[in-house]
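Reading through the structure tokens given below for one structure.
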Amino acid sequence: MTTLRSAPMMPAVILETKRLRLRALLERDVDDLYASCVDPELQRWIPQPGPGLPYTRATAEHFCLREAPAIRTGGDGQHWAVVDRASGRFSGSVALLRTQWTSGVTEIGYWISPWGRGRGLATEAVVAVSRWALGQGFQRVELKAAVDNTGSCRVAEAAGFVREGTDRNAMPLHEGRTDLASFGLVPDDLR
């Protein structure tokens, strides 16, 4: 087991839950990733690749094959594809990002594809990854969600995160900016 002190890079791991397999993004995920990221509801809250920029299949391919692996190898975190175990279909994304190795803090982000929503998959993925991170020795997992994105805020609460405040005007969207609800999960929260 890799600990925080031994490496500034997370191990490449596959996590499994009752309904999900969380694994690295693969080339075969590009089409489903693209279909997910052009969804208007996802674009409303996560302006990929950036405010005012169109999301293309080439953007999805670059993310799957280059950007997501670089998140891990560069020490920033780890990116997982959320895969429905029953169908084998890519159904979303969950990642640890902005990892602060010396302080043992990382941030979790997530989204679910339109065909996977409303089934509790985001909560299941967030629970799996956040508990894994704390089990690796992290002392805090942060989660930020647009305050008006009630679904994402509900996921945070259902996954056991504690709402700690609001980061005002913190995130650019395609249209304007939004405040972010700030949540945290620490080892004592699991006791």
- request: For segment 54-62, take each phi angle, set θ = phi - 60°, evaluate the Karplus expression 6.51 cos²θ - 1.76 cosθ + 1.60, and give the result in whole Hz per residue in order, putting x for glycine and proline.
  value: x, 8, 10, 4, 5, 4, 4, 5, 4
task: Give the relative contact order (percent, whole number) for the chain; include only Cα pairs under 8 Å separated by 6+ residues.
output: 20 percent
query: How big is the gap, in Å, between the Cα center of segment 93-142 and the Cα center of segment 40-68?
result: 19 Å
- prompt: When the Karplus curve 6.51 cos²θ - 1.76 cosθ + 1.60 is applied with θ = phi - 60°, which whole-Hz ³J(HN,Hα) does each residue of segment 116-127 get, with x for Gly and Pro?
  reply: x, 6, x, 10, x, 5, 4, 4, 4, 5, 5, 4
- request: Compute, for residue 19, the solvent-accessible surface of its heavy atoms (probe 1.4 Å) with the complete set of protein chains present, and express it in square angstrom to the nearest 10.
  value: 80 Å²
task: Starting from the amide H of residue 178, placed 1.01 Å from N in the peptide plane, find each other amide H under 5 Å away whose residue is 5 or more places distant or on another chain.
output: 170, 171, 173
field: Relative contact order of segment 65-168, defined on C-alpha pairs under 8 angstrom at six or more residues apart (%)
entry: 19 percent
- prompt: Counting DSSP beta bridges in the chain, what percent are antiparallel, to the nearest 5?
  reply: 90 percent
task: Could you pull out every residue, at least 5 positions away or on a different chain, whose amide H is within less than 5 Å of the one on residue 113? Hs are placed 1.01 Å off N in the peptide plane, and Pro or chain starts have none.
output: 92, 93
query: To the nearest 20 debye, what is the magnitude of the charge dipole of the chain about its Cα centre, counting +1 on the Cβ of each Lys and Arg and -1 on the Cβ of each Asp and Glu?
result: 440 debye
query: With every protein chain kept in the model, how would you rank 10, 171 by accessible area, 1.4 Å probe, largest at the top?
result: 171, 10
- prompt: What 222 nm value per residue comes from the helices of the chain, counting each DSSP H run with n ≥ 4 as -39,500 (n - 2.57) and dividing by all residues, nearest 500 deg cm²/dmol?
  reply: -7000 deg cm²/dmol
- prompt: Can you list the equivalent-ellipsoid semi-axes of segment 45-191, largest first and in whole Å, using the square root of 5 times each Cα gyration tensor eigenvalue?
  reply: 22, 19, 17
query: What is the set of long-range amide H partners of residue 89 at a cut-off below 5 Å, with H atoms built 1.01 Å from backbone N?
result: 84
message: With a 1.4 Å probe and all protein chains kept in place, how much accessible area does residue 59 have, in Å² rounded to the nearest 10?
response: 40 Å²
- request: Please give the net charge around residue 12, taking every other residue with its beta carbon less than 12 angstrom from that of residue 12, where Lys and Arg add +1 and Asp and Glu add -1.
  value: +2
query: Fully extended, how many nm does the chain gain between residue 57 and residue 191 (0.36 nm per residue separation, minus their Cα-Cα distance)?
result: 43.9 nm
- line: Once phi for every residue in segment 162-178 is put through the Karplus expression 6.51 cos²θ - 1.76 cosθ + 1.60 (θ = phi - 60°), the whole-Hz ³J(HN,Hα) values, with Gly and Pro written as x, are 9, 6, 10, x, 10, 8, 6, 6, 8, 9, x, 10, 4, 10, x, 10, 9
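The values are calculated or read from the model by the stated rules, or taken from the named source; none is laboratory data. Predicted, not measured: the structure shown is a model, and the values here were computed from it. Here the Cβ is made from the backbone with ideal geometry for all residues, glycine too, and neighbour counts use every protein chain on show. With ligands, DNA and RNA removed, areas are computed over all heavy atoms of the protein, side chains included. Shrake-Rupley method; radii C 1.70, N 1.55, O 1.52, S 1.80 Å.
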